[in-house]
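No lab work stands behind these numbers, since they all come straight from the coordinates. All values reported here derive from a predicted model rather than from experimental measurement.
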Amino acid sequence: MRASFVDATDGLADVMRRLLRPGDLPVDIHENPDITPDDLPELLKGVQIAIDDHTQFPVEAVKRCPDLKHIVFLGTGARSYMDPEALKAECGVEVHIIKGYGDTAVAEMAFALMWAAGKHIGELDRGIFAGQWLRPEVMQLTGKTVGLLGFGGIAAEMARLCAGAGMKVLAWNRTPKSHPGVEFVPLDRLLADSDVLSLHLLLNEETRGFLSRARIAEMRPGAVLVNTARGAVVDEAAMVDALRTGHLRSAGLDVFDIEPLPAGHVLTTLQNVVLTAHAAFRTAEATDNLIGASLDHCRRIVTAPR
């Protein structure tokens with residue numbers, strides 16, 4: 001059995017080489033982050049396990065990879081790059097995801113974006129570089145209410161950080177949960193009472209567009225929106241309209257409908273946003289966790305009964 005890391009960046013390749021153990025299955029590490037689906041059949045000849053960071057795996061391309069049996073996706077957002085159910089049903093390929101590897105890293109980015117957006121740091125920074133001396137009124141976050149839309153490991157870390165900063169923490173989750181220091185409330189109350197709304201939903205067909213135009217309208221006027229989950233959980237056009245009218249005070253966004261964000265995208269024309277390049281999970285600690293977990297998946301696959 002062989003594995004192939006199809007789209008390794010230099011940094012990820014170095015970590016994988018460091019974490020591979022003697023006796024592990026062979027892993028071909030392709031240091032080319034610009035792989036296309038058309039490249040996959042040639043790349044995956046004789047390969048049973050593909051390790052994927054960001055390459056699309058459409059069903060029609062995978063059908064041309066007869067040896068492939070498993071895809072280990074580096075993260076939780078595999079649905080942004082493939083259809084796991086269709087791959088299983090039509091190709092017999094099982095998709096594995098990795099949870100929990102970057103909970104602290106992503107929560108720290110969400111926390112940073114909350115402060116940056118609430119304090120208008122993006123606008124002030126751009127103003128200084130443009131020779132402007134801007135002094136808008138900014139938000140004091142201590143004592144404010146943060147609402148966590150979705151509650152898993154990242155949201156639990158965000159709750160810890162926000163409580164430590166003197167904020168009240170509310171949360172809503174699709175299934176009942178409890179957590180120390182967090183008040184779980186109905187969705188309508190979460191939207192109405194949160195000075196900051198931080199998104200922590202996994203993307204699937206039930207959550208796509210979950211923060212709709214109608215739900216954005218239910219949010220507290222002047223609230224800050226933070227998204228480190230997936231761009232597609234928000235109606236992007238409705239969010240832009242709310243930012244333009246001031247219904248949303250500002251937004252801190254690490255994820256977008258289209259990635260990389262195209263040059264000249266409407267979000268880059270707004271002053272009341274702070275934008276980062278889907279980089280929340282890129283810490284040394286999270287990367288070690290991620291690559292280590294991917295190799296653990298490979299080891300389990302190799303030793304699983306057949």
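Among TRP133, TRP172, TRP115, which one shows the biggest mean-square fluctuation in a GNM of the chain, springs joining Cα atoms closer than 10 Å?
TRP133
Relative to the longest principal axis of the chain, what angle (0 to 90°, nearest 10) does the C-alpha long axis of helix 236-245 take?
Once rounded, one gets 20 degrees.
For GLY209, enumerate residues with amide H under 5 Å from its amide H, sequence gap 5+ or separate chain, H modeled in the peptide plane.
Under 5 Å from the amide H of GLY209: VAL233, VAL234.
How many angstrom lie between the C-alpha centres of segment 157-218 and segment 253-287?
Between the Cα centre of segment 157-218 and that of segment 253-287, the gap is 21 Å.
Note the full-extension length gain between ARG17 and ASP288 as 0.36 nm times their separation in residues minus their Cα-Cα distance, in nm to one decimal.
Working: separation 271, 0.36 × 271 = 97.56 nm, distance 1.12 nm.
Result for the pair: 96.4 nm of gain on full extension.
Can you tell me the 0 to 90 degree angle between the C-alpha axis of helix 284-303 and the longest principal axis of the chain, rounded to 10?
Once rounded, the angle reads 40 degrees.
Could you identify which residue out of ASP254, ASP39, ASP193 has the top mean-square fluctuation in a GNM of the chain using Cα springs shorter than 10 Å?
ASP39
Which residue, ARG230, ARG126, ARG244, tops the fluctuation ranking in a GNM of the chain built on C-alpha contacts under 10 Å?
Its mean-square fluctuation being the largest, the pick is ARG126.
Relative to the first principal axis of the alpha-carbon coordinates of the chain, what is the inclination of helix 103-118, with its axis defined by its Cα atoms, in degrees from 0 to 90 and to the nearest 10?
30 degrees
For LYS168, list the lysines whose Cα falls under 26 Å from its own Cα; do not include residues on the same chain fewer than 8 positions away.
Those lysines meeting the cut-off are LYS119, LYS144, LYS177.
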